[in-house]
Amino acid sequence: MFLEKTDTTDPGFLIAVVRASGQQTLFHCYQCGKCTAGCPAAFAMDYKPNQVIRLLQLGQKDKVLSARAIWVCSGCSTCTTRCPCNIDIAQVMDSLRVIARQEGKTAQGRRVVLFNDLFLQSVKRNGRVFETGVALSFNLRTKAPLRDTAIGRFMLRHGKLGLTPVRIKKIQEVARLFGEREKG
């Protein structure tokens, strides 16, 4: 059920998300569903993108922050492009992930958080992602070391993956960007 009588509301939560995401137009969403209709990940979400926005409008902080949807969102911005109210829904989802991490509500997205951390560590270290290293680290940490071996062999055979990381020339620029990110 979408809402139950026992659900508590936090009217300040919508304001906090508006501030965090910069999306003043969250108030304007009228549930047309265009975001959900275009979302390539909607099939795997517990709440569809338009439902997440509606839950925000209703102040359903606990439901939103514990939703699988915010972790399934790939940030492709299809929803944003389709929104007639010009809501950057991908930015809202990103802000919700940040808030969920700050509040320790990452149970639904534990694997996503781990993958994100490994991905960013790889970019920080090399200036670009080292896919093979990220995949191996992720599989080892999730206790599935042989996951994706068939596709990995295929990609290696066809030159789509490397066995060693490639560092970019201006790695100090990437370090500067990460420094700014960590400050802000």
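The values are calculated or read from the model by the stated rules, or taken from the named source; none is laboratory data. Remember, predicted model here, so these are calculated numbers, not experimental data. Cβ placement follows ideal geometry from the backbone for every residue including glycine, while neighbour counts extend to all protein chains displayed. Remember, those area values only see protein heavy atoms, side chains included, never the ligands or the DNA or RNA. Shrake-Rupley method; radii C 1.70, N 1.55, O 1.52, S 1.80 Å.
Being open to solvent by less than 90 Å² (accessible area, probe 1.4 Å), free of Cβ contacts under 8 Å to residues at least 12 places away in the same chain and among the hydrophobic types (A, V, I, L, M, F, W, C) is the filter here; which residues of the range 127-154 pass it?
VAL129, ALA144, ALA150 - these are the residues of the range 127-154 that are open to solvent by less than 90 Å² (accessible area, probe 1.4 Å), free of Cβ contacts under 8 Å to residues at least 12 places away in the same chain and among the hydrophobic types (A, V, I, L, M, F, W, C).
Step by step: first the residues of the range 74-101, then only those that are out of contact with any helix residue (DSSP H, G or I) (no Cβ under 6 Å at 6 or more places or on another chain) and assigned to a helix (DSSP H, G or I), then the one that is surrounded by the most Cβ atoms within 10 Å (Cβ to Cβ). Which residue is that?
ILE99
What do you reckon, is GLY109 surrounded by 16 or more Cβ atoms within 10 Å (Cβ to Cβ), within 30 Å of PRO165 (Cα to Cα) and under 15 Å from the mean Cα position of the chain (by Cα)?
Yes; evaluated as a whole, the condition is true for this residue.
Can you name the number of the only condition in (1) closer than 30 Å to LYS63 by Cβ; (2) at pLDDT below 90; (3) open to solvent by less than 100 Å² (accessible area, probe 1.4 Å) that LEU161 fails?
Answer for LEU161: the failing condition is (1).
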